[in-house]
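K.L.:
There's a structure below that I have some questions on.
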Amino acid sequence: MTVRAKKHLGQHFLKDEDTAKNIANTLTEVSYDNILEIGPGMGMLTKYLLDKKAKITVMEIDRDSVAFLKEEFRNEYINLDTSANNFEIIEGDFLKQDLSTFFNNRQVAIIGNYPYNISSQIIFKAIEYREFVPELSGMFQKEVAKRIAEKEGSKVYGIISVLTQAFFDVEYLFTVPPTVFNPPPKVDSGVIRLIRKKDFSLSVDEKLFFRVVKTAFNQRRKMLRSSLKSFNLSDTLKEDTIFAMRPEQLSVNEFIKLTHKIATDVI
Ligand code: SAH
């Protein structure tokens, strides 16, 4: 039995054992009870997760893959009584889950060879539920992985880089060529790891911070003085040297400072 790859679900199954093992090993295995694998497909990554200490939950949207997994891992099910309920296969759409309810407000590390068509949405969901997500690692399209990990000054530094790095330390780990997949994707893939910062509270209003970052990058060639016009800044504030900069020049901390300046601006 095998699963026929469906394009609309972003299905590119890994066929190389070493790559699967290396990805599974990117989780640090500290400070959490649960591991959630998104999009297990035929379980290539799953089998290397099973010897970890945490409870493993795999969530897959594709019914055929779920049927395959239940057959493939039936021994883990048979052992359920003895292995203290350590493995669960869920048929579902990750993007529709409330992670806090699903895991009873417990910490959950997320891993996957992710469906590339929803990469950014997966990252934004992890940011939204960051209180419960101590780390996330896995494979994305290389360009997306780089974008999440890059620092200011890079051409691909943008909204997702700033918003992710405000709460997580991001590391680009390694590149994976198309040849280890079936069917091969058209582009290289990249594996990254996000580790939540010790102090992941923002010192400024979160909504305002998100709005400042998004508005600034909407016109990434322009100086902030002009791209942030809609914030009705005072003339005094507009003289501040930071407003002569372009968004890609600002570090995450500078974006936080900028948000603070905007929040305390007096017209
Ligand atoms: N991890 C497997 C498969 C990777 S392909 C491997 O490495 O071989 C990506 C997988 O994500 C596919 O199985 C696809 O069906 C699944 N998927 C796509 N959208 C999803 C969603 N919204 N929620 C959960 N799984 C999803």
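The values are calculated or read from the model by the stated rules, or taken from the named source; none is laboratory data. Source: prediction; values computed, not measured. Here the Cβ is made from the backbone with ideal geometry for all residues, glycine too, and neighbour counts use every protein chain on show. Just the protein is used for accessible areas: all its heavy atoms, side chains included, with ligands, DNA and RNA removed. Shrake-Rupley method; radii C 1.70, N 1.55, O 1.52, S 1.80 Å.
K.L.:
Restricted to the stretch 16-32, and to residues that are within 11 Å of the ligand (Cβ to nearest atom) and among the β-branched types (Val, Ile, Thr), which residue is least open to solvent (accessible area, probe 1.4 Å)?
P.N.:
The extreme case among them is Ile23.
K.L.:
Do we find a residue being in contact (Cβ under 8 Å) with a residue 12 or more places away in the chain, crowded, with 17+ Cβ neighbours inside 10 Å and more than 13 Å from the ligand (Cβ to nearest atom) anywhere in the stretch 33-45?
P.N.:
Within the stretch 33-45, one or more residues are in contact (Cβ under 8 Å) with a residue 12 or more places away in the chain, crowded, with 17+ Cβ neighbours inside 10 Å and more than 13 Å from the ligand (Cβ to nearest atom).
K.L.:
Search the stretch 1-15 for residues being in contact (Cβ under 8 Å) with a residue 24 or more places away in the chain and more than 10 Å from the ligand (Cβ to nearest atom), and hand back the single one that is least open to solvent (accessible area, probe 1.4 Å).
P.N.:
Checking each candidate, the answer is Thr2.
K.L.:
Could we say that Val176 is surrounded by 15 or more Cβ atoms within 10 Å (Cβ to Cβ) and in contact (Cβ under 8 Å) with a residue 40 or more places away in the chain here?
P.N.:
Considered against the rule, which asks whether it is surrounded by 15 or more Cβ atoms within 10 Å (Cβ to Cβ) and in contact (Cβ under 8 Å) with a residue 40 or more places away in the chain, Val176 comes out as yes.
K.L.:
Would you please name the residue that is nearest to the ligand (Cβ to nearest atom), looking only at residues in the stretch 111-123 that are open to solvent by less than 50 Å² (accessible area, probe 1.4 Å) and more than 16 Å from Met44 (Cα to Cα)?
P.N.:
Once the filter is applied, the top-ranked residue is Ile118.
K.L.:
Just to verify a result, which residue in the stretch 215-231, among those that are more than 17 Å from Asp265 (Cα to Cα) and not in a helix (DSSP H, G or I), is most open to solvent (accessible area, probe 1.4 Å)?
P.N.:
Arg221
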